[in-house]
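I have placed the structure first, in the form of structure tokens, so that the comments after it can refer back to it.
The values are calculated or read from the model by the stated rules, or taken from the named source; none is laboratory data. This structure is a prediction, so every number in the text was calculated from the model and none was measured. Every residue, glycine among them, receives a Cβ derived from its backbone with ideal geometry; neighbour counts consider all protein chains shown. Ligands, DNA and RNA are excluded from the accessible area calculation, which covers all protein heavy atoms including side chains. Shrake-Rupley method; radii C 1.70, N 1.55, O 1.52, S 1.80 Å.
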Amino acid sequence: MVRLDNITLRYRPNATPALNGVDCHLAAGSFSWLMGPSGAGKSSFLKLLHLAVRPSAGQLHVMGRAIHTARRQELPGLRRRIGVVFQDFRLLPHLDVLENVALPLRIAGRGERQLLADATEMLRWVGLGERLKARPEELSGGEQQRVALARAVVARPALLLADEPTSNLDEAQSRRVVALLQQMHRLGSTVVVATHNQWLAEENPAAMLRLEAGRLVEHG
Amino acid sequence: MAERTPRTRGRDPLGLKRAMADRLLPGLVAAMALLAALALAGANAAATMASRWEGGAAAAMMVQLPRSIAVAPAASRLAALPGVAEAIPLDHDRLAALLRPWLGDASGLPLPGMIELRLTSLGPASLALPAAIEATIPGAQVEAHGVWVARLSALARSLQALAWLVLALVAGVAAAMVAVATRAGIAARRATILILHDMGATDGTIARRFAGRIAWLAGLGAVLGAAAAAPLLWLLGGLAAPLLGDTLTMPWAALAALPPAAAAIAWATAHAAVRLWLRSLP
Ligand SMILES: Nc1ncnc2c1ncn2[C@@H]1O[C@H](COP(=O)(O)OP(=O)(O)OP(=O)(O)O)[C@@H](O)[C@H]1O
Ligand SMILES: [Mg+2]
């Protein structure tokens, strides 16, 4: 599903690399925790995986495609098969919750009727069936995070990436979000979850990727 | 929960509408369209004037001979003057026809001998000609109205060229303005575009949405500008008609073409600007 070979990522030509010589392989249908101190490169790692940045050096394969050599026009089609829960949610402020969740389906060109039904169902799934018409700013941080999760999974992505999806949630809600991610995993998605939340990872044993200062120090 | 059928967001599911300077752009384009309409009308009127006056310019000068001088020999002497292409004696009937508006039926009157001169050029040499004619045929009266008309005609042609230049400038400024408005729109919706891009929207989809929106706004502005110009042109046309005869036709077709032209300029500019920016993303 995903393979990194000696990947280095620099945001600027001579800056310290955010990722440095990372080798790793994520099998299709796997579930992995991504951990490490703040600034270790977790978000950068996920950005590479959802094709928001290209590696500065090394070889990156995502869903069988060589990203380091792919032409620009090949990337949008791949991105549509990847769902992302961003660390800062990145909901569109001027669209209501339902439209935010419907967005990936619109980009994929789904029919209007099916798309709204799917988005509504997904919002019920994350417990926000009552807030379809709310604007993101009218929601709490935790509610926004669940909207972001609904948006990430609505198009049934083959690869699901979540960047700190429980940072704004209490214990009960964190458990519920992880349960939702595991449900997507059972439905066939390859899942990577970056988190600081040690107990959550311990409660739900899975493959562990640990980054420190841009290097992958644990993989298994 | 109150069951409400989720309504779709019409033609703007990506919410790009609110990204634009929704009132500024149509206002600016309306002003540009008004200027373009005036330039068009100016070019049109100048062309009409020029062609009308060119007809009159052929008879560049009229020489009225004293009664003592015979017409035919005077004509050949005038034809020999520098700057004169041709000297044509006017026969009695033609002269009577020319004078009819002023004198009524004057066929019985004794009319002076008249010679029509056609000039080789309307340049400075023609200015010296009246004096040369006086010297050749003492007592001859020179009427240089034709020269004046010819100069007006040349002026009208220059005005016409100027009007086209203004039109080209207006189109250029309008395109630049749309580009600036688009850039502002992109800046205001940078985050939105980045999200759409990260979710797998193609450059073409994003650019088309922006361009469609901008084109609509510009087209709307041009309709307003053209609508404001129409009564103005009609009024000016009414004022100019007596001067130009009934040959003056207003450029209504060109006026009607302004909104689609503005929309097309806007679409192309916006599309190019958005694509250019998107190309800097991975
Ligand atoms: N867009 C960017 N431009 C320049 N530098 C960046 C950018 N994004 C991240 N960095 C740098 O890359 C390094 C890794 O950042 P990253 O966001 O991947 O860390 P992280 O592990 O996600 O941290 P956190 O746990 O705080 O979210 C940091 O030093 C950061 O300053
Ligand atoms: Mg991070």
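Just a few scattered comments:
- In this Cβ point-charge picture (+1 for Lys and Arg, -1 for Asp and Glu), chain A has a dipole of about 900 debye about its Cα centre.
- From the alpha carbon centroid of segment A:16-48 to that of segment A:161-220 is 12 Å.
- Over segment A:63-150 - Rg/Rh using Cα atoms and the Kirkwood inverse-distance radius: 1.04
- Each Cα pair under 8 Å and six or more residues apart adds its separation to the average, and for chain A the resulting relative contact order is 29 percent.
- Of B:Val274, B:Gly172, B:Val84, farthest towards positive along the dipole that unit charges on Lys, Arg, Asp, Glu beta carbons give the protein assembly as shown: B:Val274
- The magnitude of the dipole of the protein assembly as shown, with charges of +1 and -1 set on the Cβ of Lys/Arg and Asp/Glu and taken from the Cα centre, is near 1320 debye.
- Interface burial for A against B (accessible surface, 1.4 Å probe, total of both chains, Å², rounded to 100): 2500 Å²
- Area of A:Val2 that stays accessible when all protein chains are in place (1.4 Å probe, Å², to 10): 0 Å²
- Stokes-Einstein D (µm²/s) once Rh is taken as the Kirkwood radius of the protein assembly as shown over alpha-carbon pairs, at 10 °C in 1.306 mPa s: 54 µm²/s
- Per-residue average of Cβ from other chains inside 10 Å of A:99-111: 4
- Cα centroid of segment A:77-130 to Cα centroid of segment B:268-282, whole Å: 25 Å
- Per the Cα gyration tensor, chain A maps to an equivalent ellipsoid with semi-axes of 28, 20, 16 Å, ordered largest to smallest.
- Inter-chain Cβ neighbour count for B:188-198, averaged per residue, equals 4 (cutoff 10 Å, partner chain atoms only).
- The solvent-accessible area of B:Arg189, taken with every protein chain present and a 1.4 Å probe, is close to 40 Å².
- The order of A:Phe31, A:Phe45 by accessible area, most exposed first and with a 1.4 Å probe, is A:Phe31, A:Phe45.
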